[in-house]
């Protein structure tokens with residue numbers, strides 16, 4: 001993109017984040033300051049959305065980036081649990097409350113469920129650009145330790161280094177087809193999902209009890225990739241316990257490699273149920289370990305060369321499809337009830353594109369980012385985009401699609417490298 005086009009996108013992102021910014025005090029007096037994902041549809045604070053928002057805010061207003069992450073920590077409990085969703089303005093109302101993973105149907109200020117835990121990674125990125133507040137890097141270390149210790153203790157019931165999710169939306173990929181066979185009649189778009197939530201309420205969202213009794217749970221690849229990345233970030237932030245968290249990150253990376261990698265396809269498979277059955281549906285989650293630089297280069301290159309560069313699979317005209325185009329469930333358009341079934345999302349590129357550059361696939365990385373930037377220039381920052389046409393879909397003014405700003409700025413810092421495969 002030209003400098004003028006990049007500047008225009010920057011300004012549009014800045015305006016959007018400002019428009020979606022919310023400040024105030026909860027009914028109990030606790031202050032909050034965060035970016036809602038999109039008005040009016042998504043009014044609350046979501047865990048990974050806030051992390052992504054803060055990553056973009058650091059380029060425009062580092063103080064707001066810090067406030068966003070501090071608010072996310074404030075939404076948690078003293079034991080280290082941080083919720084998927086925090087309802088700062090008022091509890092979820094009767095129409096939507098039954099769908100949220102809350103302890104009770106009404107009156108809760110947050111969910112009892114988790115989301116993909118990238119907080120320490122976002123904290124490190126914001127700290128790197130907080131020259132006006134050098135203490136930010138270490139101010140939350142006790143709380144961050146509690147958070148990641150809670151996840152290890154409560155969400156790894158079989159102690160294999162991999163976190164478990166008990167609802168599809170705990171990964172952020174609510175309706176992904178990879179969950180269809182796992183949750184069946186209780187999946188996110190079916191009436192049975194209400195029973196799944198209620199069943200978890202009765203068990204207090206205790207993952208150990210859920211895993212012991214039922215098969216509707218997943219050791220999710222995407223969740224564990226971000227978990228490993230966050231543990232690595234925490235190790236870099238925490239001089240005192242760096243070895244502890246680096247060792248835990250390495251354990252999760254090794255478990256992904258040893259237990260989730262399908263040697264035949266080169267993809268990483270989620271493990272479902274008590275039998276830990278590999279889920280053989282190709283979604284972008286199966287490519288996520290590309291971002292783990294500690295994994296063998298050959299494993300990571302296969303993800304790029306056999307999948308991201310294959311026009312029958314993930315090499316689409318715009319972005320990176322959320323589902324392989326070879327899958328029967330691939331649907332590039334909008335659905336009122338389901339998402340993550342084909343369209344391209346910006347956070348997908350945000351995770352995968354830098355790894356492509358690092359491995360030498362810079363020209364393809366530029367193409368992916370350029371295609372998304374072009375779609376955003378035409379249609380605005382939408383929730384997701386049709387990977388075949390670039391049409392903007394679903395929510396307008398969607399906060400974490402401004403991650404394009406971060407991608408474009410990083411591309412200027414990390415110039416494209418000629419692909420070793422295409423230019424050997």
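Worth a mention:
- Checking the stated criteria, residue 318 turns out to be within 19 Å of residue 366 (Cβ to Cβ), part of a loop (DSSP other than H, G, I, E, B) and in contact (Cβ under 8 Å) with a residue 24 or more places away in the chain.
- Comparison of 133, 169, 128 shows that the only residue that is out of contact with any strand residue (DSSP E or B) (no Cβ under 8 Å at 6 or more places or on another chain) and closer than 30 Å to residue 273 by Cβ is 169.
- Taking residues in segment 177-198 that are in contact (Cβ under 8 Å) with a residue 40 or more places away in the chain, and partners anywhere that are part of a helix (DSSP H, G or I) and surrounded by fewer than 21 Cβ atoms within 10 Å (Cβ to Cβ), the pairs with Cβ atoms closer than 6 Å and at least 6 places apart or on different chains are 193/186; 194/98.
- Any pair with Cβ under 9 angstrom, 6 or more apart, that starts in segment 4-15 at a residue that is closer than 15 Å to residue 399 by Cβ and ends at one that is outside any helix (DSSP H, G or I): 9/1; 9/381; 12/380; 12/381; 13/381; 14/61
- Candidates 40, 17 - the one that is within 25 Å of residue 375 (Cα to Cα) and crowded, with 17+ Cβ neighbours inside 10 Å: 17
- Flag if residue 318 is in contact with a strand residue (DSSP E or B) (Cβ under 7 Å, 6 or more places away or on another chain) and under 29 Å from residue 187 (Cα atoms): yes
- Restricting 375, 365 to those that are surrounded by 24 or more Cβ atoms within 10 Å (Cβ to Cβ), at pLDDT 95 or above, more than 18 Å from residue 283 (Cβ to Cβ) and in contact with a strand residue (DSSP E or B) (Cβ under 9 Å, 6 or more places away or on another chain) reduces the list to 375.
- Subset of segment 333-355 that is closer than 18 Å to residue 368 by Cβ and in contact with a strand residue (DSSP E or B) (Cβ under 7 Å, 6 or more places away or on another chain) - its residue that is surrounded by the fewest Cβ atoms within 10 Å (Cβ to Cβ): 342
- Against the test of being under 21 Å from the mean Cα position of the chain (by Cα) and surrounded by fewer than 22 Cβ atoms within 10 Å (Cβ to Cβ), the options 242, 255 yield a single qualifying residue, 255.
- Test: residue in segment 147-155 that is closer than 30 Å to residue 341 by Cβ and either free of Cβ contacts under 8 Å to residues at least 40 places away in the same chain or in contact with a strand residue (DSSP E or B) (Cβ under 9 Å, 6 or more places away or on another chain) (or both): yes
- Scan of segment 44-57 for residues that are at pLDDT 95 or above and either surrounded by 24 or more Cβ atoms within 10 Å (Cβ to Cβ) or closer than 17 Å to residue 19 by Cβ (or both), ordered by number: 45, 46, 47, 49, 50, 51, 52, 53, 54, 55, 56, 57
- Filtering segment 94-113 to residues that are more than 17 Å from residue 199 (Cβ to Cβ) and either at pLDDT 95 or above or in contact with a strand residue (DSSP E or B) (Cβ under 6 Å, 6 or more places away or on another chain) (or both) leaves only 110.
The values are calculated or read from the model by the stated rules, or taken from the named source; none is laboratory data. As the structure is a prediction and not an experimental result, all values here were calculated from the model. So basically every Cβ, Gly included, is an ideal-geometry build from the backbone, and we count neighbours across all protein chains shown.
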